[in-house]
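Beneath this line is the structure, given in structure tokens, with notes to follow.
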Amino acid sequence: MGTNEPVTTVAGEHGDGQVGRLALDHVTAGGAASDLFARVVAWQRRCGRHDLPWQRTRDPYRVWLSEIMLQQTQVRTVRGYYERFLQRFPDVQALAAAELDEVLALWSGLGYYSRARHLHACARWVVQRYGGRFPADADALAALPGIGPSTAAAIAAFCFGQRRSILDGNVRRVLTRLWAWDDTTAAGRRRLWQAAQDAIAPTASAEDMAAYTQGLMDLGATVCTRSRPRCGACPLADRCAAHGAGQPEAWPRPRPATARQSLTWWLPLFEAPDGRWWLQRRPGRGVWAGLWAPPVLTAAPALAAWRQAGVEVRAETPFRHALTHRELTLHPLRCRWGWGRGPDDRGSPPALPAEVGAPDQGAWWSPAQALSLGLPAPVRRWLQKLVSDSCPSNSR
């Protein structure tokens, strides 16, 4: 990139990454680093995104929160969650003092709930170990719960002006296309990261680092997209090996497709005579890890035996819920004793059927209490509908 000659490669298979390595060596030689850096900075200031709420601050807490929320989640989805989260938890001390259930409840619907658990654990770590102040060093940030090297580099660049390169999915796509890089070995990934680091101008100011980091993100999100990239709008197009080869979408090399697993679950919602619901906390690993939900049964329950034991069961319309690697078919069941008893009936609920688990695996919650817990999104929608349908104003 120190000359006016574009970097080119050849079409076809590059299984050993040799073409990518040659292109990368050419790009990172001489004045290439400062040229790449300057182009991205200038483009971001002219054409990048400037209206995102987390761009208005250099507060590490707010930048960290946005970076965690943006992992695997689109900006338009994150905006509302980010603002609601800050209304309830305006600083790291407030988040650290909260109960995990409250954090999970606010996170409900955003998915990848391990992020919320790590967020809570990290807040407590920062308060306990650092007195509520995030460390300014990328390596120290990367040692915190739930913060990987790229997120740590983003916080360090945005908030502290450190010259550390990010390499999230969007940025990796930009650079692998720029250099036609398809060496996916561990050594190849390390070399790509080092090349990204070498591309940072050694005299970059804090303001330039923020613009460069945001610029790479913006390029990956709005120009160098996974499909139908807008190469005509890219400031690096004349230096891009993938564009020069006429096949930018060939990079990054596609990963083998993962078949989506189909699961069928029955969700019996037991309701006590006083209106409380029986919910159980899900195990710490797997689908809906750590969230509250009705018992999850992987086989159709023996409803005839339940009815003989005095449980009245109403099967509701099944529905589907798609996760990243799983397709859930959910069969909601409303279960109660003495269906139709008046609201003044306040007896203790009878014993639950054995297949739904031991009594110490869950608890009885009023509908209002239940909706304040961390619930999976489809369960929350179902329970909210039950509450709405039970309101007198909605029964006319």
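The numbers here are math on the coordinates, done by the rules we state, and not lab data. Treat the numbers as computed from the prediction; the structure is a model and nothing was measured. When we count neighbours, we look across all protein chains shown, and the Cβ atoms used for this are built from the backbone with ideal geometry, even at glycine.
Taking each DSSP H run with n ≥ 4 as -39500 (n - 2.57) and averaging over every residue of the chain yields -12000 deg cm²/dmol at 222 nm. Label sites at Asp137 and Arg58, each approximated as a point 7 angstrom past Cα along Cα to Cβ, lie 2.1 nm apart.
Stretching Ala98 away from Glu327 to a fully extended chain increases their span by 79.2 nm, per 0.36 nm per residue minus the current alpha-carbon distance.
Neighbour counting of Cβ atoms within 10 Å sorts the residues Arg79, Arg173, Arg46, fewest neighbours leading, into Arg46, Arg79, Arg173.
Per-residue Karplus couplings for the range 254-265, computed as 6.51 cos²θ - 1.76 cosθ + 1.60 with θ equal to phi - 60°, are listed in order as x, 7, x, 5, 9, 5, 6, 7, 9, 10, 10, 10 Hz, Gly and Pro entered as x.
The residues packed around Leu95, meaning those with a beta-carbon under 9 Å from its beta-carbon, carry a net charge of +1 if Lys and Arg are +1 and Asp and Glu are -1. Estimated at 0.36 nm per residue, the fully extended path between Arg226 and Ala351 surpasses their Cα-Cα distance by 39.7 nm.
Computed from backbone phi, the HN-Hα couplings of the range 238-248 come to 6, 10, 8, 5, 5, 5, x, 7, x, 8, x Hz, rounded to whole numbers (Karplus: 6.51 cos²θ - 1.76 cosθ + 1.60, θ = phi - 60°; Gly and Pro given as x).
Taking packing as the residue-averaged number of other Cβ atoms within 10 angstrom, the listed peptides 250-258, 186-194, 275-283 run from highest to lowest as 275-283, 186-194, 250-258. Each Lys or Arg adds one and each Asp or Glu takes one away; over the other residues whose Cβ falls under 11 Å from the Cβ of Ala143, this sums to -1. Orientation-averaged projection of the range 18-250 equals 12.5 nm² [convex hull of Cα atoms, one quarter of hull surface area]. When P(r) over Cα pairs in 10 Å bins from 0, in percent is calculated for this entry, the matching label among [x] 4, 19, 24, 20, 15, 10, 5, 2, 0; [y] 5, 22, 31, 24, 13, 5, 1, 0; [z] 4, 15, 23, 22, 18, 12, 6, 2, 0 is [x]. Here the simple spin-label model places points 7 Å from the Cα toward Cβ, and for Ala121 and Gln247 these points are separated by 4.2 nm. Within the chain, antiparallel bridges make up roughly 60 percent of the DSSP beta bridges whose residues both belong there. The stretch between Cys47 and Gln128 holds 25.1 nm of extra length on full extension. This uses 0.36 nm per residue minus the Cα-Cα distance. Calculated on C-alpha atoms, the gyration radius of the range 88-145 divided by its Kirkwood radius gives an Rg/Rh of 0.98. Write down the percent of antiparallel bridges among all DSSP beta bridges whose residues are both part of the range 261-394, to the nearest 5. Antiparallel bridges: around 60 percent, rounded to the nearest 5.
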